[in-house]
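The next block holds one structure in the form of structure tokens; read it before the comments.
Values quoted throughout were computed directly from the atomic coordinates according to the rules given, and no laboratory measurement underlies them. Fair warning: this is a prediction, and the values are worked out from it, not measured in the lab. Reconstructed Cβ throughout: ideal geometry from the backbone, glycine too, with neighbour counts over all protein chains shown.
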Amino acid sequence: METEVTAKQPHRRLMAELAYHDLEVGVAKNFHVVSHGRIFSSAQPNRQQFIEMEKHGCVSVLNLRSHHSDLPIISGLQIKEYRVATHHMTEDDVKAALEVLRDAPKPLLIHSCRGIDRTGLVVAAYRIVFENILPSEALSRYRDRANGLHRYLYRAFPRLIRKIDWEAMKAAILAGQPEETAQKNVVPDGENACNE
């Protein structure tokens with residue numbers, strides 16, 4: 001039996017997408033504060049959750065999903081979408097995400113579908129570059145089983161964290177910042193600037 005193509009299908013797809021996620025108003029699933037008042041992370045928010053985030057001052061969203069834009073969901077809101085659309089992230093993708101985190105207006109929400117694997121990788125990179133924590137500590141936090149990581153689907157991500165030349169990455173990312181902002185991000189060796 002053939003399916004009749006109608007103008008309602010894009011609307012049905014959006015409704016199915018919203019139905020897939022938690023529909024309660026409030027914060028999205030797996031919501032975390034990465035940097036107080038600046039960077040948050042979560043799973044995919046629904047329309048009502050984006051509305052609540054906008055009410056509380058969120059102005060930007062970094063969407064790490066390859067095949068799902070937030071534009072239909074945030075239509076009519078002041079929130080702007082920035083995308084690094086990737087399923088299997090590379091070093092260039094991490095750099096592009098860090099450039100968005102450096103340049104986009106704050107507060108900003110980072111999300112992927114479930115807010116764990118791709119989002120966790122970008123959060124780890126953010127902490128290494130902007131909060132000056134050691135890559136080994138960022139990797140340890142990323143791999144914490146409480147985060148619910150997919151052990152087989154994204155197993156290249158821990159290798160990517162180990163492989164990146166973080167000093168070169170920091171130099172490239174922080175070179176694009178105003179000097180006063182870059183200075184605020186420098187933390188003395190041995191100190192942990194991470195905000196949980």
Once both label points are put 7 Å beyond Cα along the C-beta direction, the residue 167-residue 81 separation in nm becomes 4.0
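For the pair residue 156 and residue 29, what calculated FRET efficiency results from E = 1/(1 + (r/R0)^6), where r is the Cβ-Cβ distance and R0 = 22 Å, to the nearest 0.05? Before the final figure, lay out each step's value.
Working: r = 24 Å, r/R0 = 1.11.
Result of the calculation: an efficiency of 0.35.
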Counting Lys and Arg as +1 and Asp and Glu as -1 over every other residue whose Cβ sits under 11 Å from the Cβ of residue 126, the net charge comes to +2
Sorted on mean Cβ neighbours within 10 Å (highest first), peptides 86-93, 129-136, 161-168, 102-109 come out as 129-136, 102-109, 86-93, 161-168
